[in-house]
Amino acid sequence: MKFLRDFLDKQKPHFVKGGRFEKLHSTFDAFETFLFVPNRVTHTGAHIRDAIDMKRTMIIVVVALLPALIFGIWNVGYQHYISHGMAYDFWPMFGYGLLKVVPIIIVSYVVGLAIEFAFAQSRHHEVNEGFLVSGMLIPLVMPPDVPLWMVAISTAFAVIIGKEVFGGTGMNILNPALTARAFLFFAYPSEMSGDLIWISEKADAYSGATPLGHLLVGEVSKLPSEWAMFLGNIPGSIGETSTLAILIGAVVLIATGIGSARIMLSVVAGGLAMGLLFNLWGINDYMNIPAHYHLIMGGFAFGTVFMATDPVSAAQTTRGKYIYGFLIGMIAVLIRVFNPAYPEGMMLSILLMNVFAPLIDHYVVQSNIKKRLKRARALVKA
Amino acid sequence: MKVDMSTVTKIKKGLNINLIGEAEKVIKELKCDHFAIKPTDFIGVFPRILIKEGDVVKAGTPLFIDKNRDNIVFTSPVSGKIKEIKRGAKRLLLEIKIDADGKDEYIDFKAENPKLLSREQVIEKLRVSGVWPFIRQRPYSVIADPLAMPKSIFVSTFDTAPLAPDNDLVVHGNGDDFQTGLDVLAMLTTGKVHLNIEADITHSKVFTNSKNVQINQFSGPHPTGNVGVQINKIDPINKGEVVWYCYPQDVLTIGRLFRRGVYDASRVIAVCGSEVLSPAYFRTKTGAAVELLIKENVTQVNKRYISGNVLTGTQVSLDGYLGFYHNQMTVIPEGDYFEFLGWGLPGLNKFSMSRSFPAFLFKNRKYRLDTNYHGGERALVMTGQFEKVFPFDIYPMQLLKAIMVEDIDLMENLGIYEVDEEDFALCEVVDTSKTNIQEIVRKGLDLMRKEMS
């Protein structure tokens, strides 16, 4: 790799202050540090540092997303051919899915990274790795037939309004990928709901409703089998249908410690608790579906593992994480069952709790502060 | 007071970093004739110099006082001649270099039994001899105020930092000096002197048979040996309270002052680290020259010389000097290299607390770690990392952010009086975003001290 290093060292002077391409410093830096971990050494504080950095952290999340992505690509093809009554081998279906999904991924990364690079450059910052994950999350929460221009617009909205206006990665309040999804949902409601969008180039005669779509109109009997909803060979957003593939991602995140197991477990607990509560109440069919159905339908699993755990928009304190996760699970199921305008409660529930996460942390931290003040007061009395 | 063997304060949070190059448990005598006192070792001290180059001094001759608190005197650790008064940018006083004459002449401060003296007389003796700066206070980790009264005094007899010296070895055979030192400390507070030992590991009778103190047992990974952690568990600091602290070798120095009437700055220094060929302990004096400690005893690679340990020590050059409070000299490789796709490779040999590297599978592996950051500086994104290595009932991330925005009230409410930069050292090591956390904490402490004075 010496020639690559030599090449970079030779180009570097052009990109530093006073060089010909001074304005592209952040861009050069992003590529250079992608290829080589920098030679920067400590000068204050601890002389040794942990091997982990933001690049490794983010790349592990991308790896955790791969099972859902690969399954999603296959499923896009599978749903398409099934709707036309055709059955093929794995590869034609996967190939069809690739043609549909890869352009969405490319648009998401190109638009998002271009904006990230531009902001980093104008702020004289290094380019943050956060979008490596957001850029993959966005395609996975899109319906397969989404027009590419919509992907571009929603990505741009999410990166600029959702993130950069707050100061960039680490400062945002809302999860950027969900911001993109919410933007689409509210900006293009007619294109983004109904039964048409969940299967790519669906045959007209075939019902393309998702499980949540069926439930919305009270067709409990038309729900796919539990097993199908778990494996994910059902219509839905590209990456969200297979609970199994998402679980593999969850194992990766928990095993490496990158994703918060506390949040994941408490979201599941919250969803189940609310589902069981509805079972007890049981005044309509939706309330009576088994509570664990909520975990394998729609975006619940995907949101639990990949969206709720975003460390920036989640609660930051240990106790806060439990509260935050539990409320996400509860509210997601609540919205699903009670609000006919929004079949998918998970997205809205997470965004809502993103907004409340700082408040939850505030009260957790306040209790610590109160304890300290109490200790000091006890001393004054004694 | 008897050791209460039943109560051990067990600390779970923290991290032991095992490094290659532990000092062999033998103490070698080191002939050293170059020493220096570095005013920059003393937080918040503005020196007013009392000597000039060429002056002849004895051990105990005043070199400078603190302009802000002129009752704090700094004296020469050896007898000899002032070789150079080295200044840096803006005439900052960096080093007062002394060539030792080898005669070991001491100023006589009179040997006295501390128990027959008043508290004021004890303080006066510590002050004029220049031994006082060994006694520091929390909050802020500055030299204690001779006019103040601490609610208690803490002595941590064990150091859990990487490659830290074994104090059992260091104090061996010095039981009388140590006990006298403790007797002196006991006179300085109306509260208790807490002598903290490591359960099942501290065996020296010098520690376990100490009288006139309360012995507390601790067990757990680093930073359990930090006085900050021990104070937090036993006698936490509230607003307005002050706790004093010092370490075993400081107690010996205090003991010798009262038993022999001199400022005997002898110290045992652990010379350690992966780049030291034969790591061992050396007996020398405070402020010894690095070059003489190291000699040819190091490898040929590009090295980092650290006065202190790898977590909190100060970088020194080969022609530099050991810090006033340091009992350890660590030498590790510099990390000024590029690593191709370093973030993406499995990293079988890398050290990491995170499970994103295989390191967690090899708990007892010893590492040769360098000074590379292993990544670029980023915004604080990850959460829950600091909490794993921070055994205080304090929210580290929230306190850090309060310091960054200089919110005095919030810093106070979140417990800044109870912590020091060294308590955050492990947070800094494991931080994904490579923030220089200790520097930020120090700024916060300095700001608080200014606001509160």
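Side notes on the structure shown:
- Those residues of segment B:124-143 whose amide nitrogen sits under 15 Å from the label point placed on residue B:55, 7 Å along Cα→Cβ: B:129-130
- Highest mean packing comes first when the peptides B:383-392, B:170-179 are listed by Cβ atoms within 10 Å, giving B:383-392, B:170-179.
- Computed over neighbours whose Cβ is under 14 Å from that of residue A:154, the net charge equals +1, Lys and Arg +1, Asp and Glu -1.
- Across peptide B:353-359, the average count of Cβ atoms from other chains found within 10 Å of a residue's Cβ is 6.
- Computed over segment A:230-334, the percent of Cα pairs more than 24 Å apart is 23.
- Net charge, residue A:9 excluded, C-beta distance under 12 Å - Lys, Arg +1, Asp, Glu -1: +2
- 21 Å Cα-Cα threshold exceeded, pairs from B:25/B:205; B:110/B:192; B:115/B:239: B:110/B:192; B:115/B:239
- Taking each residue as 0.36 nm, the span from residue A:251 to residue A:338 lengthens on full extension beyond its C-alpha to C-alpha distance by 28.1 nm.
- Residue (of B:343, B:417, B:433) at the positive-pole extreme of segment B:294-453, dipole from beta-carbon charges: B:343
- Debye equation applied to the C-alpha atoms of segment B:401-453, log10 I(q)/I(0) at 0.12, 0.19, 0.28 Å⁻¹: -0.25, -0.60, -1.15
- Within a Gaussian network of chain A (alpha carbon springs, distance under 10 Å), most fluctuating of A:66, A:272, A:35: A:35
- Against the compact-protein benchmark of 2.2 N^0.38 Å, the Cα-based radius of gyration of segment B:103-143 scales to 1.41.
- Coil-residue chymotrypsin sites (Phe, Trp or Tyr not before Pro) of segment B:284-353, DSSP, other Cβ within 10 Å capped at 16: B:337
- Partner aspartates and glutamates whose Cα lies under 14 Å from the Cα of residue A:163, excluding those fewer than 8 positions away in the same chain, are identified as A:116, A:129, A:310.
- Nearest-0.05 FRET efficiency for residue B:315 and residue A:378, computed from C-beta distance (R0 45 Å): 0.55
- Each peptide in A:6-17, A:345-356 gets a packing score, the mean of other Cβ atoms within 10 Å over its residues, and the list from highest to lowest is A:345-356, A:6-17.
- In this entry, the protein assembly as shown is assigned a mean projected area of 39.8 nm², taken as a quarter of its C-alpha convex hull surface.
- Within the protein assembly as shown, antiparallel bridges make up roughly 65 percent of the DSSP beta bridges whose residues both belong there.
- For segment B:405-414, the Karplus equation 6.51 cos²θ - 1.76 cosθ + 1.60, evaluated at θ = phi - 60°, returns couplings of 9, 6, 8, 4, 4, 5, 4, 5, 5, 8 Hz by residue, with Gly and Pro reported as x.
- Peptides B:228-235, B:247-254, B:310-317, ordered by how many other C-beta atoms sit within 10 Å of their residues on average, highest first, read B:247-254, B:228-235, B:310-317.
- Each label point was placed 7 Å from the Cα along the Cα-to-Cβ direction; for residue B:449 and residue A:219 their separation is 7.3 nm.
- Dipole magnitude of segment B:373-452 about its Cα centre (Cβ charges: Lys, Arg +1; Asp, Glu -1), debye to nearest 20: 320 debye
- Placing R0 at 60 angstrom, the Cβ-Cβ distance between residue A:273 and residue B:108 gives a FRET efficiency of 0.20 after rounding to 0.05.
- Dipole orientation for the protein assembly as shown: of the candidates B:207, B:238, B:278, B:207 has the Cα lying most toward the positive pole (charges on Cβ; Lys, Arg +1; Asp, Glu -1).
- Test item: Cα-centred dipole of chain B, Lys/Arg +1 and Asp/Glu -1 on Cβ, debye: 300 debye
- Its DSSP H runs of at least 4 residues, each contributing -39,500 (n - 2.57), put the calculated 222 nm mean residue ellipticity of the protein assembly as shown at -12500 deg cm²/dmol, to the nearest 500.
- Taking only the C-alpha atoms of segment B:231-358, Rg followed by Dmax gives 19.4, 61 Å.
- Our compactness index for chain A, the C-alpha radius of gyration over the empirical 2.2 N^0.38 Å, is 1.09.
- Electrostatic dipole magnitude of segment A:239-382 [Cβ: Lys, Arg +1; Asp, Glu -1; Cα centre; debye, to 20]: 1280 debye
- Remark: mean inter-chain Cβ contacts per residue of B:434-443 equal 3, using a 10 Å Cβ-Cβ cutoff to other protein chain atoms.
- When GluC sites (Glu not before Pro) are flagged only if DSSP places them in a loop and at most 16 other Cβ atoms lie within 10 Å, the longest unflagged stretch of chain A comes out as A:1-200.
- In this simple spin-label approximation, residue A:318 and residue A:62 carry label points 7 Å from Cα along the Cα→Cβ vector, and these lie 3.3 nm apart.
- Take each residue in B:342-348, count the other chain C-beta atoms within 10 Å of its C-beta, and the mean is 5.
- Percent RCO, i.e. relative contact order, over segment A:55-368, from Cα pairs under 8 Å lying at least 6 residues apart: 19 percent
- Rel. contact order, % - alpha carbon contacts under 8 angstrom, at least six apart, segment B:374-453: 37 percent
- DSSP beta bridges in chain B [antiparallel fraction, %, rounded to 5]: 60 percent
- Ordering A:231, A:187, A:273 by the projection of their Cα atoms onto the charge dipole of segment A:181-303, which places +1 on the Cβ of Lys and Arg and -1 on the Cβ of Asp and Glu, puts A:273 at the extreme positive end.
A short reminder: the numbers here are calculations on the coordinates, not readings from a lab. This one's a predicted model, so the numbers in the text were calculated from it and none came from an experiment. Please note: Cβ atoms are built from the backbone with ideal geometry, for glycine as well, and neighbour counts cover all protein chains shown.
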